[in-house]
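Written below as structure tokens is the structure these notes are about.
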Amino acid sequence: MTPDHELTPTSLEVISRQATINIGAIGHVAHGKSTVVRALTGVQTVRFKNELERNITIKLGYANAKLYKCSSASCQRPGCYRAYGSGKEDNPPCEVCSSPMELLRHVSFVDCPGHDILMATMLNGAAVMDAAILLVAGNEECPQPQTSEHLAAIEIMKLNHLIVLQNKIDLIKDTQAEENYQQIQKFVKGTSAETAPIIPISAQLKYNIDALVEALVKNVPIPVRDFTSEPTMIIIRSFEINKPGADVNSLKGGVAGGSILKGVLKIGDEIEVRPGIIEREAGGSFVCRPIVSKVVSLFAESNELLRAVPGGLIGVGTKIDPMLCRADRLVGQVLGRKGSLHSVYDVITVDYFLLRRLLGVRTEGRGKATRVQRLDNGEILMVNVGSTSVGGRITSIKGDTAVIALTSPVCTEIPAKVALSRRIDNHWRLIGWGEIKDGNAILQ
């Protein structure tokens with residue numbers, strides 16, 4: 001086995017079994033995010049009963065894909081590029097010329113919900129993204145409300161590597177496609193997506209998916225990864241794997257799903273999860289008890305791992321009480337080697353910046369969106385820190401700095417980016433972003 005310090009995000013030993021890049025699928029509801037992820041990976045990310053009944057993504061979906069290029073110089077682009085599921089061999093034959101294909105990337109797709117009431121879930125997913133594909137339906141006017149809001153969110157997270165997909169072109173005529181293309185160009189002008197390629201596709205018919213794979217390979221650079229620091233993983237899903245009626249002696253611990261930000265996690269590692277179990281004392285102050293456990297298994301989809309590296313989405317099997325993991329109860333917490341995690345804070349000091357206008361809200365005709373009002377003392381906000389969404393009350397404001405008392409403690413490094421949302425018309429709307437400069441640590 002190659003030593004950890006010699007590994008890179010493109011080492012064949014790594015990408016043969018685990019994804020090392022996270023790419024978000026973002027955009028308005030029903031614009032084809034889950035369909036394009038399925039076209040690339042073969043995996044249906046809409047899995048839960050309420051999602052299937054309503055035909056929308058509600059929880060974060062995730063699926064892995066291996067990206068290949070034909071080794072033959074005579075094989076024409078973009079047909080020489082292909083995407084297959086995570087379990088595919090490393091050198092499959094080319095579907096065009098039968099020459100062996102070369103494995104170039106192994107990526108995880110984070111399928112974000114597009115519905116306006118699920119913006120907090122999208123922001124949680126943005127915490128692990130290295131790049132994003134923005135879906136725009138060709139048969140609807142651009143931009144739709146959550147198209148604008150999602151693009152603003154990833155700009156806040158400093159994601160500069162984007163690919164715009166003009167989807168559903170099989171449903172429209174050439175003149176409509178051209179008009180929609182012009183609308184997209186006008187919409188992205190002046191944003192981080194201004195220079196992004198705009199690729200017409202039909203996710204349902206898998207038309208131009210090879211061109212998308214080529215764009216992913218050429219436009220999304222390999223992120224710099226730290227393989228030598230102590231491992232830190234942010235949790236975006238958690239669940240138990242025991243079936244009803246299972247014998248008590250066969251019960252297994254809970255599973256935490258997420259992405260490692262730095263370091264390498266190995267089977268047998270002693271780990272802790274922070275903040276852990278949170279309780280309130282009689283006086284109202286928080287008490288946090290970190291959950292201490294051990295790594296018993298590591299998985300990247302169906303691929304079993306001996307060690308997990310930064311990037312990509314993985315499942316960590318633990319000895320944690322499954323009741324603490326079921327139904328995403330650990331989402332927003334941080335997992336790492338025992339004694340190496342950051343402090344836990346219940347009050348944070350944030351240097352903030354507000355958007356000029358409110359995004360994600362339909363306006364009458366072509367009227368301008370409502371201006372974002374300044375923050376007020378005592379106001380309640382939703383604060384996204386890493387993969388967690390917590391409420392917060394502003395206790396003081398001085399210039400562009402606010403002190404926010406959180407409704408639940410968070411484990412975070414300082415400085416760290418945060419997204420700020422305000423309750424408007426019974427929905428949380430993104431109004432700005434900031435950076436944590438200081439905080440009140442209740443657990444060192």
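Would you be able to say whether some residue in the stretch 15-22 is modelled with pLDDT under 90 and open to solvent by 70 Å² or more (accessible area, probe 1.4 Å)? Explain how you work it out, then say what you get.
Narrowing the stretch 15-22 to residues modelled with pLDDT under 90: none.
The answer is no; no qualifying residue exists.
Quick one: which residue in 283, 268 is free of Cβ contacts under 8 Å to residues at least 40 places away in the same chain, closer than 27 Å to residue 106 by Cβ and part of a loop (DSSP other than H, G, I, E, B)?
Values: 283 fails: closer than 27 Å to residue 106 by Cβ.
Among 283, 268, only 268 is free of Cβ contacts under 8 Å to residues at least 40 places away in the same chain, closer than 27 Å to residue 106 by Cβ and part of a loop (DSSP other than H, G, I, E, B).
Going through 149, 155, 141, 194 one at a time, which residue ends up being over 29 Å from residue 77 (Cα atoms), in contact with a helix residue (DSSP H, G or I) (Cβ under 7 Å, 6 or more places away or on another chain) and open to solvent by 10 Å² or more (accessible area, probe 1.4 Å)? Spell out the reasoning first.
Working: 149 fails: open to solvent by 10 Å² or more (accessible area, probe 1.4 Å); 155 fails: in contact with a helix residue (DSSP H, G or I) (Cβ under 7 Å, 6 or more places away or on another chain); 194 fails: over 29 Å from residue 77 (Cα atoms).
None of the other options fit; the residue is 141.
Considering the stretch 278-294 alone, what residues qualify as being in contact with an Asp or Glu (Cβ under 7 Å, 6 or more places away or on another chain) and within 27 Å of residue 266 (Cα to Cα)? Let's see the steps before the verdict.
First pass over the stretch 278-294, keeping only residues in contact with an Asp or Glu (Cβ under 7 Å, 6 or more places away or on another chain): 286-287, 290-292, 294.
Passing the criteria: 290, 291, 292, 294.
Which ones in the stretch 13-30 are under 15 Å from residue 306 (Cα atoms) and of a type in the set (A, V, I, L, M, F, W, C)?
Applying the first criterion (under 15 Å from residue 306 (Cα atoms)) to the stretch 13-30 yields 13-19.
Of everything in the stretch 13-30, those that are under 15 Å from residue 306 (Cα atoms) and of a type in the set (A, V, I, L, M, F, W, C) turn out to be 14, 15, 19.
Quick test for you: out of 212, 205, pick the one residue that is assigned to a helix (DSSP H, G or I) and modelled with pLDDT of 95 or more. Before the answer, list the steps.
Working: 205 fails: assigned to a helix (DSSP H, G or I).
Just one listed residue meets the conditions, 212.
For the stretch 197-233, give me each residue that is of a type in the set (Ser, Thr, Tyr) and surrounded by fewer than 17 Cβ atoms within 10 Å (Cβ to Cβ). Don't jump to the end; show me each part of the working.
From the stretch 197-233, those of a type in the set (Ser, Thr, Tyr) are 202, 207, 228-229, 232; that's our starting set.
Within the stretch 197-233, 207, 228, 229 qualify.
Would you be able to say whether some residue in the stretch 350-370 is closer than 27 Å to residue 277 by Cβ and in a strand (DSSP E or B)?
Here is the first cut: in the stretch 350-370, the ones closer than 27 Å to residue 277 by Cβ are 350.
Going one step further and asking which of them are in a strand (DSSP E or B), we end up with 350.
Yes, the stretch 350-370 contains a residue that is closer than 27 Å to residue 277 by Cβ and in a strand (DSSP E or B).
For residues that are aliphatic (A, V, I, L, M) and either more than 27 Å from residue 342 (Cβ to Cβ) or modelled with pLDDT under 95 (or both), scanning just the stretch 234-259, find the one that is surrounded by the most Cβ atoms within 10 Å (Cβ to Cβ).
Filtering the stretch 234-259 down to residues aliphatic (A, V, I, L, M) leaves 234-236, 241, 246, 248, 251, 255-256.
Restricting the remaining residues to those that are either more than 27 Å from residue 342 (Cβ to Cβ) or modelled with pLDDT under 95 (or both) gives 234-236, 241, 246, 248, 251.
Working: 234: 24, 235: 24, 236: 26, 241: 15, 246: 12, 248: 6, 251: 12.
If we take residues in the stretch 234-259 being aliphatic (A, V, I, L, M) and either more than 27 Å from residue 342 (Cβ to Cβ) or modelled with pLDDT under 95 (or both), then 236 is surrounded by the most Cβ atoms within 10 Å (Cβ to Cβ).
Scan 267, 222, 260 and give me the residue that is closer than 19 Å to residue 290 by Cα and among the hydrophobic types (A, V, I, L, M, F, W, C). Please lay out each step first, then the result.
Working: 267 fails: closer than 19 Å to residue 290 by Cα; 222 fails: closer than 19 Å to residue 290 by Cα.
Just a single option satisfies the conditions, and that option is 260.
Within the stretch 113-137, can you find the residues that are among the small types (Gly, Ala, Ser), touching a helix residue (DSSP H, G or I) at 6+ places or on another chain (Cβ under 7 Å), modelled with pLDDT of 65 or more and in a loop (DSSP other than H, G, I, E, B)? If you could, list the steps in order and put the result at the bottom.
Narrowing the stretch 113-137 to residues among the small types (Gly, Ala, Ser): 114, 120, 125-127, 131-132, 137.
Add one more test, that the residue is touching a helix residue (DSSP H, G or I) at 6+ places or on another chain (Cβ under 7 Å), and what stays is 114, 126, 132.
Add one more test, that the residue is modelled with pLDDT of 65 or more, and what stays is 126, 132.
None; the set is empty.
So in the stretch 87-102, with the set limited to residues that are touching a Ser or Thr at 6+ places or on another chain (Cβ under 7 Å) and within 16 Å of residue 19 (Cα to Cα), which one is least open to solvent (accessible area, probe 1.4 Å)?
90
The values are calculated or read from the model by the stated rules, or taken from the named source; none is laboratory data. Everything numeric in this text was worked out from a predicted model, so none of it was measured. So basically every Cβ, Gly included, is an ideal-geometry build from the backbone, and we count neighbours across all protein chains shown. Quick note on the areas: whole protein, heavy atoms, side chains included, nothing else; ligands and nucleic acids left out. Shrake-Rupley method; radii C 1.70, N 1.55, O 1.52, S 1.80 Å.
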